[in-house]
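To keep things clear, I will list the structure first and then write my remarks on it.
No lab work stands behind these numbers, since they all come straight from the coordinates. Since the model is a prediction, treat every value here as computed from it, not as a measurement. In this analysis, Cβ positions are derived from the backbone assuming ideal geometry, glycine residues included, and neighbour counts consider all displayed protein chains.
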Amino acid sequence: MFTTGTKFLVGATVVSIIVTIVYGVTQDGVMGTVGLISASVALAMVTGVNLFTRDANIFVDDEAAVATCPASRPAPGPSPWPLLFAIGAFAMVLGLVTVEPMFIIGIVVMFAGGAEWTAQAWAERASSSTAHNSEVRSRIANPIEYPIGGAAIIGVIAYSFSRIMLWLSKINVVIVFSVVGACILAAAFFFAYRPNVKRSVMVGTMSVAGVALVAGGVVTGLDGERDIHVLETAQGEAAAGLCEDPEKTEADSKAAQTVAAQASVAAEITLNDDGKLTKRLNGPAESSALTLPRSNPSNVLFRNESSEKRRLSVDLGETEIGADSIDTERIQVCTALVEEGGVQNITLNIGPPSNSVEGGYFFFVPGVESAVLELIVP
Amino acid sequence: MNNRTSMSVPKGASTVRSVSRRLRIAAAVGLGALVAGCAQDAPQNTFDPAGPNAQRIQNLQVPVFIIAGIVGVITLSVIAFVVWRYRDRGQAIPEQTHGKPALEIGLTILPALILIGVAIPTVSTVFALAETDDTECVINVTGQQWWWEVDYPVQDGCGGISAPIVTSGQMVLPVDTPVLVRGTSRDVIHSWWIPRLNGKRDMVPGRVQTNRMQADEPGIYAGQCTEFCGLSHANMRMEVIALEADDFEVWKANQLSDYESPTNELALAGESTFIAQCSRCHQVNGLTDGDGDPIVSRPDLNVYSGAAPNLSYLMTRTTFAGAMFDLLTPECRADVWEAPPDEFGERYLEGVTPECLNRVQLREWLRNSPAEKPMYTDPNELAATNGLPRGMPYLALSEGQIDELVAYLLERK
Amino acid sequence: MAIIERPTDTPALAPSGGAPAVTPTRSYGYLRRPVQTTGWRSWAFTVDHKKIGIMYGVAAMLFFVVGGVEALFIRLQLAGPEGTVLSADAYNQMFTMHATTMVFLFVIPMAAAFANYMIPLQIGARDVAFPRLNALSLWTFVFGGIFLNTSWFLGGAADGGWFMYAPNSAVPFSPSNGVDYWTLGLLITGIASLVGAVNLIVTVLNMRAPGMTMMRVPIFTWMALVTQFLLLFAMPVITVALVLLLFQRNYDATFFEVAEGADPLLWQHLFWIFGHPEVYIIVLPAFGIVSEVLPVFSKKPLFGYPFVVFSGAAIGFVGWGVWAHHMFASGLGPISVAVFSVATMAIAVPTGVKIINWTLTMWGGKLRFTTAMLFATGLIVMFTIGGLSGVTHSVAPSDTQQTDTYYIVAHFHYVIFGGAVLGLFAGIYYWWPKVFGKLLNESWGKANFWTMIIGMNLTFGPMHIVGLQGQPRRMYVWTENRAGDGFFNIGFWNLVATIGSFILAVGVLFFFINVWVSRKNPPAPADPWDARSLEWMAENPPKEYNFERTPTVHALDEMFHRKYEDVGEGDAHDYVKVATAEEIQAVETANRDDHVHLPSPSYWPIVLSFSLPVIAYGIIYSTLLVIVGLAIATVAMFGWALEPPTADDSEFESPEGGDGGEPSKELVASV
């Protein structure tokens, strides 16, 4: 009925209580008594838990099972979790002296290994049937294992893949992506049409692919990303006061903003080789001026057909600044510098009509005197 | 198609129309016999084209309705026959046939052939109506909750326009001239639809859309915003006014004429009331402040959608508040709407005279506009728009101020 | 639940040699499962596809009434010029919610009700593939629908139209929480549809009875299968759109904001890529129902069964290529418009095939016009009209005159009311004895049909006229100035439509009266209609485990061929009844299966469903509530994952008797 452990704990509790009483009666000083009382309480609680759980032997009711306990209980199976736990502990300590991520990874691995270890150990004691024990383990652990494991795998794949893709050059990205995609598709077809293919072949293929992906991710991740252009927005240019500057800053010519805007442009303005600005919009040619509706965002595409990098700027007249309204400032917005043959979008949303400022509004290209186009806002 | 010959056969066209009407009703409702309908149809009748673009659609949809009607009559007759002929009269259990593939395939090919016949003219019409290069005049429209702004860019077309013209609610165009409407929207999607002149076109913010307009005869052509645009969608109307070329020149000249100072005391008081109360949003061209500086309205700072109707020549239009209300009394309105084509231009150019002014409605509007037209103007409910109203807010004008404003506005023509 | 272990002659396998292994008596980690067979708990926690089907139907009918009342308000407002029944704001909410309710909370769930109930019976299965998922989709739909409608009482419902075009759906243009309720409510009901679709697809593909090849599957199940595939691919698209809108409204995203460089047409494309297949999701189940009803009451097989199947599948495919015909006026450019215009005409062909097949099914038949048959015939006529008016606006230039006018309203009500709703009513009358064991009253049924048909034509017929006379949709008032006079004047026909709508409402009321007066009808015979498909081999109503013995299928229209034999010689046909349904059922009972295991009821589907509206309220009002909802969801998911498929023996209520004192574990609930 009582296992050795139980006997030990019950005995220890009894002894500690006796010692406490003896010490408390014979000796002065509170500290020692309190210490011994604490020890007694702690031992009593452990004993209580032990008695309640019957030393973790849930079939203690079952006389036959108890009698045959050591024989009927299968030996614990091999387990990877102690190893994983140890690796985690090692990584954690290593992380303390090296880099922080290593420390965090160590803790996570240790926690995962420990949790799995606990679950397995608990399940192995559930009954004497190995099959049932393994089912109990699955039932408890799988609902946590599958989502977390799945998320971890997806995370690793996505991260490794993105590292590789960001490391490759722009052109190679497309090639690699197509080739790898085609390979995956071909492999999937192969396996789908050969259901009898050996499991080991499949597992082998997947493992090789997985290892290659992770290894590639690590290597390319350490090597860093390719150079990526930073998109300059028109607002940024204006804020920097660059609208009259024919040289500074450059933007990615295939900036997403430009591509999206091509679907909904109010007008297209081209800087021609002869240094003239021409406009193009639907319908018959109007006069030389461009009319845009008032207080409404309008997309204007700027196409640079000249042989130098240029930007399109808009002059919206002067405004008074400062409390005493003495100083004035020209309001200007502009695109980033556009490479030869490149296209940029500028979104204009103009409140006051053009006849409210002296000289009206006009488009211009810094550095090209002749390139001016009147902008009318009714 | 876009010359007058096709239009000079209204008799023939109307015969086709009434046939199509019969068929569409027969197909649709099953009301067999019906009156040939000499009474007046609704002004937005989609089967009453008044210009080559709508006529092109008419030429396509009339045969389609006829075909649909014929197919419908045949199908429904067959069903009626089957229902009557094979009702249970104690006959034996019929043969358990699972079908006759030949018949089946035949009956599949037949509708396919009919549809191919419909598809070919459809495609050609789609491309014809999308043409923009052959137009001779450009007019911009901009939708906003819940009215249309119409502006005429500076151009050589339309007989030459030297400075931008801005009006609202009514688009004036010369007859027999292919006009290109270029439209967009300041807030949500609206749709420009003048049924007698062309099909509708959504005006999408951020996009510039085109719609061909051409009228064969002077007259007023009703339209309505047809893309649901929020609270007062039902009240967002518009009209196209077609004028003979010389009348159009008169109209244009007037729209570019100089500011006329008020001529009487009441109106003069109205001018200062207008400057104090209205000019934040509503532009009146040529209006100046005490220093002689032009007053530029800033609706972009005061209204969420960023604009308000230009009132410089309000009384040359016959409607206000997004064409929801008439500026004319019902009798005077009928005079304009029912004017014969040759007298129409003259009556329209007369504008709103003091006798014809729909004072009751205009005063109601000035007294409490949100009560007249559902809009978002309650200051307590404008958190989502940073306190800016959508529509004209309640201005708490006194009766005296309203008198002054009406007098002032009456001279804006 | 049902666990049937009938005593067998062979003794149970003795454990093989050695000392018997010690086996556990309990599993770990789950609550006692609800095993009640009566009372509300037997419904709330059920996983039985039949109970779920019935609850789907009841909930859908409730929403049908809600949507119908909304429609009556709309018609009252438009009865005369400058209507004052509703304010502009209330009207906009009314038409938004009318469409949303009818599409998402009535037609889809009602079709799901039929699919849930009938598919396992029609394919000879005992339940759907994933019974607990089935319960999940039911309760998710119910809670989603309730959530959506609570917006009426919490600051106003959505007011942007069921199409919810951007940017009108953005916060500045629709500042109330209505659009948020709409977005979240549809996301929730979308989960229900998606889960249901996966479940039913797997059921049809994997659980057919022996001998039932795909070309022997009853036509309703076929059409329902196509519908589920459409749902499976359409729902993710609207989900993406709704999530974009949700983020735009609640988390400062700018997917549709023009000033940030976005294009509002993105929403329209996403919405209609979902929205057009949605049309077929709505009508295909009804097509399946009439394709069942017409042959039964014509005493003939469906004419051209393979053509109907393949035209259904063709509609399912081509339906994906026509979405932009909802956008002919939105400025796509002539090439897109031309392509989509032609594609739209192309889809008329398979649709026309169906009408031809139905007519030819009746041709040469022996037609009995029961109420179900009347509704089915009504569907053919009304859908033909709706289909032909559809052809008129597949012609894109013509559509630019008609789109967004009442002509379109007329068209799609002829298609959806005339096509889907009449079909669903045909199904209700046809399968009522199957589901409830009693026939509905035929006199009331006919009154129901004729009032509905007259009401429907008076309501939607005149809309053709007012639409072609230029009255746009979604206007809270119309004005005398634009009404015209004479025969086609808008005023008169609007009034007629309003009167018609009330006649239609009376017709629907007759249905509920019929249900009430039929509640005490005597039990229906086993085969009241002399039907043809497999579900009539089960009892009325079916036992919880559906079939006494898993049927073996030899032919399309299996039931007919078991009842009738062709004794004619050569080309002459003479069908003689060789067995009644009762006799066929008796044979099945005599050879019943010995082992029937059905899954036990579960608490978790309804708990998991309940967490979704909690999260949704949380998104609108408080992050705290989101956390509570997520906690409920987590608990429910783990509870679900941990519980075994059937409850332990010890959890069952005491056995209700047994066979002659045998120690039977027959724990069959009476439905």
Legend entry - Partner chain coverage, peptide C:194-200 - average Cβ within 10 angstrom: 0
Inset, instruction - Taking only Cα atoms and a 10 Å spring cutoff, compute GNM fluctuations for chain B and point out the largest among B:Pro101, B:Pro205, B:Pro52. - result: B:Pro101
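Tell me, C:Met463, A:Met110, B:Met392, C:Met637 in order of fewest to most beta-carbon neighbours within 10 Å?
Numbers: C:Met463 27, A:Met110 19, B:Met392 23, C:Met637 16.
Ranking C:Met463, A:Met110, B:Met392, C:Met637 by Cβ neighbours within 10 Å, fewest first, gives C:Met637, A:Met110, B:Met392, C:Met463.
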Inset, instruction - Positive end of the charge dipole of chain C (Lys, Arg +1 and Asp, Glu -1 on Cβ, about the Cα centre): tell me which of C:Val578, C:Thr479, C:Gly437 has its Cα farthest that way. - result: C:Thr479
Inset, instruction - Return one number: the angle in degrees, 0 to 90 and rounded to the nearest 10, between the long axis of the Cα atoms of helix C:371-394 and the longest principal axis of the Cα atoms of chain C. - result: 40
Inset, instruction - Please report, to one decimal in angstroms, the Kirkwood hydrodynamic radius of segment B:134-413 built from all distinct Cα-Cα pairs. - result: 19.1
Inset, instruction - For each of C:Lys543, A:Lys198, A:Lys276, C:Lys50, count neighbouring Cβ atoms within 10 Å of the residue's Cβ, then give the residues from fewest to most. - result: A:Lys198, A:Lys276, C:Lys543, C:Lys50
Inset, instruction - Kindly state, to the nearest 0.05, the FRET efficiency for C:Glu480 paired with B:Lys100, given R0 = 60 Å and r defined as their beta-carbon distance. - result: 0.60
Legend entry - Expected-Rg normalisation [2.2 N^0.38 Å, Cα atoms] applied to segment B:189-236: 1.22
Inset, instruction - Provide the per-residue ³J(HN,Hα) series for segment C:159-171, in order, calculated from phi with Karplus coefficients 6.51, -1.76, 1.60 and θ = phi - 60°, each as a whole number of Hz, with x at glycine and proline positions. - result: 10, x, x, 5, 7, 6, 4, 6, x, 5, 8, 6, 4
Legend entry - Amide H contacts under 5 Å for C:Lys438, placed H, 5+ residues apart: C:Ala524
Legend entry - Computed over segment A:4-56: relative contact order in percent, which uses C-alpha pairs under 8 Å that are six or more apart: 51
Legend entry - Distance between modelled label sites at B:Leu110 and B:Asn368, nm, 7 Å Cα→Cβ extension: 6.5
Legend entry - Taking chain C and dividing mean pair separation by its residue count, relative contact order in percent (alpha carbons under 8 Å, at least six apart): 21
Legend entry - Rounded to 10°, Cα long-axis angle of helix C:406-415 versus longest principal axis of chain C: 10
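Quick one: what do you get for the protein assembly as shown if you divide its Cα Rg by 2.2 N^0.38 Å?
Values: Rg = 38.5 Å, N = 1462, 2.2 N^0.38 = 35.1 Å.
In units of the 2.2 N^0.38 Å rule of thumb, it is 1.10.
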Legend entry - In nm, spacing of pseudo-spin labels at C:Ala579 and B:Leu266 (7 Å Cα→C-beta vector): 9.7
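For segment C:510-574, run through the chymotrypsin sites (Phe, Trp or Tyr not before Pro) and keep only the ones in DSSP coil with at most 13 other Cβ atoms within 10 Å of their Cβ. Kindly include the intermediate steps, with their values, before the conclusion.
Values: sites: C:Phe510, C:Phe511, C:Phe512, C:Trp516, C:Trp529, C:Trp536, C:Tyr545, C:Phe547, C:Phe560, C:Tyr564; in loops: C:Trp529, C:Tyr545, C:Phe547.
Filter output for segment C:510-574: empty list.
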Inset, instruction - Would you work out the charge dipole size for the protein assembly as shown about its Cα centre, treating the Cβ of every Lys and Arg as +1 and the Cβ of every Asp and Glu as -1, and quote it to the nearest 20 debye? - result: 5620
Inset, instruction - Check the straight Cα-Cα distances from C:Lys520 and name the lysines below 18 Å, setting aside those fewer than 8 residues away within the same chain. - result: C:Lys434, C:Lys438
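What is the sum of charges, Lys and Arg at +1 and Asp and Glu at -1, for the other residues whose Cβ falls under 13 Å from the Cβ of C:Val202?
Details: positive: C:Arg208; negative: C:Asp127.
Neighbour charge sum, excluding C:Val202 itself: 0.
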Legend entry - For segment C:49-520: rounded, prolate or oblate by the Cα gyration tensor [a/c cutoff 1.5]: rounded
Legend entry - Efficiency of FRET from Cβ geometry, C:Thr550 and C:Asp571, R₀ 41 Å, rounded to 0.05: 0.65
Legend entry - Shielding by other protein chains, B:114-125, mean Cβ within 10 Å: 6
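Please arrange C:Arg549, A:Arg311, B:Arg85 by how many other C-beta atoms lie within 10 Å of their C-beta, fewest to most. All intermediate terms of the calculation are to be shown ahead of the outcome.
Details: C:Arg549 17, A:Arg311 31, B:Arg85 13.
Exposure proxy ranking, most exposed first: B:Arg85, C:Arg549, A:Arg311.
Contact order normalised by length for chain B, with contacts defined as Cα pairs under 8 Å and 6 or more residues apart; what percent is it?
Numbers: 698 pairs, mean separation 57.2, N = 413.
Here the relative contact order equals 14 percent.
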Legend entry - Angle in degrees between helix C:88-100 and the longest Cα principal axis of chain C, rounded to the nearest 10: 40
Inset, instruction - Enumerate the amide H contacts of A:Thr291 below 5 Å, restricted to partners 5 or more residues apart or on another chain; note that Pro and chain-start residues carry no placed amide H. - result: A:Ile376
Inset, instruction - Enumerate the calculated ³J(HN,Hα) couplings along segment C:509-516 in order (Karplus 6.51 cos²θ - 1.76 cosθ + 1.60, θ = phi - 60°), each rounded to whole Hz, writing x wherever the residue is Gly or Pro. - result: 4, 4, 4, 5, 4, 4, 4, 5
Inset, instruction - Determine which aspartates and glutamates satisfy two conditions relative to B:Lys373: a Cα distance under 14 Å, and not lying fewer than 8 residues away in the same chain. - result: B:Asp326, B:Glu364, C:Glu82, C:Asp89
Inset, instruction - On a C-alpha basis, how far is the centre of segment C:240-267 from the centre of segment B:99-165 in Å? Whole number, if you could? - result: 29
